[in-house]
Structures are given as C-alpha cells and as structure tokens.
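A.B. asks: Before anything else, here's the structure in question.
The values are calculated or read from the model by the stated rules, or taken from the named source; none is laboratory data. Keep in mind it's a predicted model, so treat the numbers as computed, not measured. In this analysis, Cβ positions are derived from the backbone assuming ideal geometry, glycine residues included, and neighbour counts consider all displayed protein chains. The accessibility values were calculated without ligands, DNA or RNA, using every heavy atom of the protein model including side chains. Shrake-Rupley method; radii C 1.70, N 1.55, O 1.52, S 1.80 Å.
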Amino acid sequence: PYGSASPFLDAAAQAISNGGMLCITCTDMAVLSGAHPETCYGRYGSVPVPRARYLHESALRVLLYAIATSAHRYGKVIKPICSVGMAFYIRVFVEVYEDKRGVEDAMTKIGNVYQSTQCASFVTVPHGHRKFETSGTYQPTRLPSNNSAAAVQLNGICNKQTEEAKNPVVANDKETSRNDTETNGTSAINDVDKISRLDSITNNSSYCTETGASFKVGGPLYLAPIHDLPSVHTAISRLSPTTVSPPQYPLHTRETLHGLLTSVSEELPDVPLYYLLPDLMHTVKSSSPPLNFVSNCLSSAGYRMSGQHKEP
C-alpha cells in the first residue's frame with residue numbers, strides 16, 4: 001500500500017524466520033526527507049535534517065534504523081542487501097538473523113549526524129564503540145575534537161581577525177580609513193568578544209571547523225553499509241546480456257535495473273551520506289568545475305570518491 005511501512009515493522013521483525021528476507025517499501029518521502037520532522041519522529045523514531053542535500057540516502061538510513069531497532073527487541077539483527085531510492089519511493093531488502101551478540105554490537109552501527117548550519121559539512125557519530133577491538137566492553141562515543149587539521153585550518157583563516165583584535169594599532173595601520181571611534185572602549189569589548197568566540201570555535205566540538213557555525217542534530221540513523229556488494233554483483237551478472245542463451249523470463253525493466261545496480265555497486269560502502277559539488281563550491285564562493293576534473297584531483301591526492309545512485 002502507499003504510505004509508510006512503520007506500523008508493520010514490529011510484527012514483521014517478530015514473525016520472520018532466521019535468515020529470512022524482508023522487502024520493505026515506503027512512499028512517504030516528504031516525511032522521510034525532513035519536510036515534517038515531527039511526523040518522522042513519531043513514525044520511525046528518527047529526525048531527518050530539514051533541507052539536507054543528502055536527503056535520499058538519509059531517508060534510507062532512517063528506515064533501516066527503524067527496521068533494525070524493531071529486530072533488536074527480539075534478539076535479531078539485520079543485514080541490508082540492497083537499499084535504493086526509485087522514483088517517488090524507497091525500497092530496502094534486508095536479511096534478518098537471530099544474533100544476540102550482534103544486538104550488543106548494534107550501538108556501533110547506529111548514530112547521529114551533525115550538520116553545519118552554514119555549509120555542507122557534516123559529521124556522523126555512532127552511539128558507541130568497543131573499548132578495545134577484541135573486547136566485549138562498549139562505551140559511548142565522544143564527539144570528535146576540533147584539535148585537528150581542520151581546526152588548524154580554521155585558525156589560519158581567523159588569524160588575521162585575531163591579530164587585528166589583539167593589536168588595534170596594527171589594524172589601524174592596515175586600514176587607514178577606519179573610523180577613530182573604533183578605538184574606544186566599546187571597540188575593545190567587541191575585540192575581546194571576537195577573540196573569545198574564535199577560541200571557543202577552535203577548541204569546542206560544538207562548532208563546525210569549516211565556518212565556525214553551530215550544528216543541527218539529525219538521527220538516529222543506520223550508519224553501517226546499506227548494500228551487500230557480493231549480492232549486488234550477482235544480480236548484475238544475472239541481468240547482463242548473454243549470447244549463450246536468452247533469459248527464460250525476460251524483464252522489460254532489465255536495462256533500468258542493470259543501470260541502477262551498477263551505480264549501487266560503485267558506491268563507497270563504508271562512507272555514510274554524501275556531498276553535492278555545487279554546495280561545496282557555494283561555500284568557497286566559486287563556480288562548479290567539471291565533476292570529472294574534481295574526481296581526478298581527489299583520486300590523485302589519495303582520496304576515494306564515488307557517486308550515489310540518486311545523485312550519480
């Protein structure tokens with residue numbers, strides 16, 4: 001039926017046998033995409049980031065989170081086989097297994113996204129992690145510290161402002177047209193406030209290291225891989241044309257499915273969510289270069305890059 005599958009998730013997770021597959025479709029994309037976050041929270045227990053550019057994948061991860069938590073109540077875990085957005089709906093295929101130890105490990109696969117309010121930057125943080133790799137002890141995850149290369153870069157951007165705030169004489173020499181009233185007591189107070197804000201940005205994980213803006217919190221989301229690549233490659237091979245023998249049951253949508261699964265197979269499995277090039281260029285106030293040029297530059301610099309099947 002058209003609409004949300006959320007009323008049926010608990011019964012489906014409880015009734016499915018060990019190793020069975022659930023095929024779930026949701027068409028309430030306005031809710032899953034963040035247009036109505038309060039409704040999404042009521043249906044799926046998650047809040048998408050409104051107007052986020054990665055809304056297509058965020059919707060999939062919200063749904064997978066709801067399925068996973070329903071399965072966890074009965075000592076079961078899910079294994080996403082393929083999760084795609086098509087036309088006006090999303091569809092996920094997940095296998096369900098009885099695995100109580102896997103339920104304990106679920107907190108490492110579910111987390112929140114922290115989205116900057118002034119740029120496209122975001123950070124995903126799982127709810128927990130293992131204290132040691134071989135240990136069964138878990139502990140909550142801390143927000144990543146801003147004492148990193150990104151914070152150093154922000155310090156470099158703000159150095160000029162900080163120098164002028166600390167040395168008003170130097171600032172006056174650089175800007176001879178500045179009004180003399182800026183050297184009064186009010187200006188000194190503003191300069192101190194500016195220094196305090198810069199220090200708080202570079203030493204506080206509550207601020208974006210790129211722009212110094214605050215974060216909006218979204219989630220919880222399913223942060224683990226949303227595709228099983230061996231299964232996807234098997235499906236592609238069965239859809240590929242062959243000269244040996246024609247398919248017994250030809251599909252009219254074979255070419256569409258082949259293209260969709262090929263795009264899915266090229267996605268980075270361990271990188272949740274994505275960026276759009278125009279948003280990145282808007283932050284630095286530049287026109288968008290060709291995507292192939294950016295991809296080649298990132299690859300040459302040692303980074304991995306892929307498209308997303310809804311944003312190839």
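A.B. asks: Taking the mean number of other Cβ atoms within 10 Å as a proxy for protection, how do you rank 281-294, 51-64 from highest to lowest?
C.D. replies: Values: 281-294: 10.7, 51-64: 23.1.
Descending packing order for the listed peptides: 51-64, 281-294.
A.B. asks: Explain nothing, just compute: Karplus ³J(HN,Hα) = 6.51 cos²θ - 1.76 cosθ + 1.60, θ = phi - 60°, for every residue of segment 290-302 in order, whole Hz, x for Gly and Pro.
C.D. replies: For segment 290-302, the Karplus-derived couplings read x, 4, 4, 5, 5, 4, 5, 5, 5, 5, 5, 7, x Hz, x marking Gly and Pro.
A.B. asks: Using Cα pairs under 8 angstrom and six or more residues apart, how large is the relative contact order of segment 1-107, in percent?
C.D. replies: In percent, rounded to a whole number, it is 31.
A.B. asks: What residues qualify as long-range amide H neighbours of V47, i.e. H under 5 Å apart, gap of 5 or more or another chain, H built at 1.01 Å from N?
C.D. replies: Placed amide hydrogens put G219 under 5 Å from V47.
A.B. asks: Moving on. Kindly write out, for segment 225-238 in residue order, the coupling ³J(HN,Hα) from the Karplus curve 6.51 cos²θ - 1.76 cosθ + 1.60 (θ = phi - 60°), rounded to whole Hz, with x marking Gly and Pro.
C.D. replies: For segment 225-238, the Karplus curve yields x, 9, 10, 9, 4, x, 5, 5, 5, 5, 5, 5, 5, 6 Hz.
A.B. asks: Follow-up. Whole-Hz ³J(HN,Hα) for each residue in segment 209-224, computed from phi via Karplus 6.51 cos²θ - 1.76 cosθ + 1.60 with θ = phi - 60°, x for glycine and proline: what do you get?
C.D. replies: Listing the rounded values in order: 6, 8, 10, x, 7, 6, 9, 9, 9, x, x, x, 10, 7, 9, 6 Hz.
A.B. asks: Between M86 and R130, what is the label-point separation in nm under the 7 Å Cα-to-beta-carbon projection?
C.D. replies: Placing both labels 7 Å along Cα→Cβ, they lie 3.7 nm apart.
A.B. asks: List the residues, sorted by chain then number, that are 5 or more residues from G111 or on another chain and whose placed amide H is less than 5 Å from its amide H.
C.D. replies: H127, L221, L223
A.B. asks: In what sequence, highest mean first, do 219-225, 253-259, 17-23 appear when ranked by Cβ atoms within 10 angstrom? Intermediate values should be presented prior to the final figure.
C.D. replies: Details: 219-225: 23.0, 253-259: 13.3, 17-23: 11.7.
Final packing ranking: 219-225, 253-259, 17-23.
A.B. asks: If you rank H72, H309 by how much accessible surface each has, with a 1.4 Å probe, what is the order from largest down?
C.D. replies: Details: H72 45, H309 20 Å².
Per-residue accessible area, sorted high to low, gives H72, H309.
A.B. asks: Quick one: order V217, V94 from most to least accessible surface, probe 1.4 Å. Mind dumping the intermediate values first?
C.D. replies: Values: V217 85, V94 0 Å².
In descending accessible area the options line up as V217, V94.
A.B. asks: Report, by chain and number, residues whose modeled amide H sits under 5 Å from the one on K310, excluding near sequence neighbours (fewer than 5 apart, same chain).
C.D. replies: The answer is none.
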